[in-house]
Each structure stands twice: as structure tokens, then as C-alpha cells.
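Below you'll find the structure, written out as C-alpha cells, and then a few comments.
The numbers here are math on the coordinates, done by the rules we state, and not lab data. Remember, it's a predicted structure, so these values are computed and weren't measured experimentally. Cβ sites come from the backbone with ideal geometry, for glycine too, and all protein chains shown count toward neighbours.
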Amino acid sequence: MAEAEVEAGAGRRDVADPGAWREDAFAGRSRLLEGVRAYGLIVAMWMRSTMAYRASFVMTTVGNFVATAFDFVTIMLMFTHVDALGGYTLPEIALLYGASATAFGLSDLLLGSVERLGRRVRDGTLDMLLVRPVPVLAQVAADRFALRRLGRITQGLLVLGYALVTLDIAWTPLKVVMLPLMVLSGAAVFGAVFVAGAAFQFFAQDASEVQNAFTYGGTTVLQYPPSIFAKELVRGVTFVVPLAFVSWLPALYVLGRDYPLGLPGWVAFLPPVVAALCWALASLAWRTGLRAYRSTGS
């Protein structure tokens, strides 16, 4: 549609013209800022709508908190029968759980709505977004912004706090920096997976369950130590879909443990690089999917 044609036209500029490249770069920055501004305005609208029914908001947020808390309750029940799981104690697993749950919660809050893109492609309502002078991704990500998802983030932070208070960690400046780096970079990695999964739905339409296998399923895997999984799965979430950089690699550095694949310790500092690479690939996938979109005509 219109946005896809603009992007395609930009790609036909003369590569030998430095001025054209500078113009494209400026246009790209302007469009990014425009998208962020539009996202903020749409989110603010949905937040005002949500807070108009505050009792409902409180109940749904508490319900989200309780529902996600059952995941960690399950782990606690396991430790009523064992002292360690895969060689890890409960506080150590709590660190893995808290980091991955918080990172995923942030990503789900900010970008989780993109998983409904397949429904819009199928029923033709995506056309309404294409004709608006706002980036489509910003509109899809902010659509029906669910503030109740704060319950998941709160639950993850509480578990993370329990782990940090309970564990006897030999803190260094690098380990202190690693904690916020791990959560923020992990949220960015999950966000890229959300966008890439949404791009896939341009072709597969209602394939949200496939996307959920890598988002919701991925965070479930990361809540447990890598030592309990087969080496093939650990390699897959390290080198194919790099979810290991969300919590496993940086958290094991904080804990002073070796990674099962024998990777050098410095890879624990790569989450920001991996997140940037994931977003570059997700952006390419999104633009490809958007160009390939064909309206239903409805």
C-alpha cells in the first residue's frame, strides 16, 4: 500500500549520490521520531480509556499478577521434593526466572499487541492503518495497549528482588551493571521476536500461535537452568533464536557459573549487540512483509 510504495521508492535512489543517502537518513530519523510520537499518543489514549474504569483495571492487573505467579509457585513446589534442579538452587533459579519474566513483561507491555496483526490481515482492517499518515508498526504495537500487563512485570521484579536478597553474590561493578543491562537488552530481544513474528503473519495470516511458541514459550524455557535441557535445544536458543542472551548468559556470569556450551565469559556482555542485530533483522522482515501485503478488498 502507500507506506510500502514510499519505502520501495526510497530504495531506488541513486546509490552514487551522497546527498540522496543523507536525505534518506534524515527521512528515516524523522519517520522514527514520528512513529515514537504516534505510539505515545495512541498509548496515552488507551491508558485514559483504561483508567476510566479503575476498579476493573485493578482487578485485571491483580489477576494478571496472580496468573503469572503460578509459574514460580510451580518451581517452589518442585523444591519441596528436591534440593537442587539441574545443579541450581531455588534462589539461583529465581534469578533466571525474575530476569526473563521482567524482560518479557516489558516487551509484552510495549509490543505484545502486534501478535493480533494476523487477524487484521485476515479481515482487512489493516487497510485502515495503511491510509493513516502514521507508521503502521507504531499503530499495531500501540493498539489496545493493555496496562494490566504491569502485573507480570511486578511479579517478575518481586522474584528478581527475592533472588538478589537471598543469593550470596560476590558483587563487582560489572555484575552490578549487568543486571539492568540484562533486563533491558532482554526486553529488546523479545521485542524483536514479537515484530518478526508479526511480519510472518503477513504471509501466514493467523499464525499467532507460532509466534507465541518463541515468545511465551521462550520465556518459559529461560525460567529454568540450561543444564536441564538437551544440548541441541541450548544451541538453538543461543545461535538460532538467541533467547539465551536474555537471561541465561548474563545471569550465569552474575552467578559465577559456566555456560553449558563452553562459551567464553565475554559473551555475557553481548546482549545489547545481539538485541541490535535482532532488531535489524526484524525491521527487514517487517518491511518485506508490509511490501508483500495484499488487501482483502473488504
Next item on the list: Any chance you could give the angle, 0 to 90 degrees and rounded to 10, that helix 54-78 forms with the longest Cα principal axis of the chain?
Entry: 40
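How long are the semi-axes of the ellipsoid equivalent to the range 2-292, from square roots of 5 times the Cα gyration tensor eigenvalues, in whole Å, largest first?
Equivalent ellipsoid of the range 2-292: 36, 24, 17 Å, largest first.
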Notebook entry, point to check: Under a plain spin-label model, where a point goes 7 Å from the Cα along Cα-to-Cβ, how far apart in nm are Leu167 and Val66?
Noted result: 3.0
Next item on the list: Give me the distance in nm between label points sitting 7 Å out from Cα along the Cα-to-Cβ direction at Thr89 and Leu157, one decimal.
Entry: 2.6
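What length, rounded to one decimal in nm, is gained on full extension from Ala280 through to Val131, with 0.36 nm per residue of separation minus their alpha-carbon distance? Let's see the in-between values first.
Numbers: separation 149, 0.36 × 149 = 53.64 nm, distance 2.53 nm.
Stretched out fully, the Ala280 to Val131 stretch lengthens by 51.1 nm.
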Next item on the list: With unit charges on the beta carbon (Lys/Arg positive, Asp/Glu negative), name the residue among Leu33, Val210, Ala280 whose Cα is farthest towards the positive pole of the charge dipole of the chain.
Entry: Leu33
Check: Once the Cα atoms of helix 18-51 and of the chain are each reduced to a long axis, what angle between those two axes, in degrees from 0 to 90 to the nearest 10, is obtained?
Finding: 70
Checklist line | Residue of Ile153, Ile228, Ile75 that the Gaussian network model of the chain assigns the largest fluctuation, springs spanning Cα pairs under 10 Å | finding: Ile228
Checklist line | Prolate/oblate/rounded call for the range 18-158, Cα gyration tensor, a/c under 1.5 rounded | finding: prolate
Next item on the list: Give me the angle, in degrees from 0 to 90, between the Cα long axis of helix 271-292 and the longest principal axis of the Cα atoms of the chain, rounded to the nearest 10.
Entry: 30
Margin query: Taking the Cα centre as origin and putting +1 on Lys and Arg beta-carbons and -1 on Asp and Glu beta-carbons, what dipole magnitude results for the range 125-245, to the nearest 20 debye?
Written below: 240
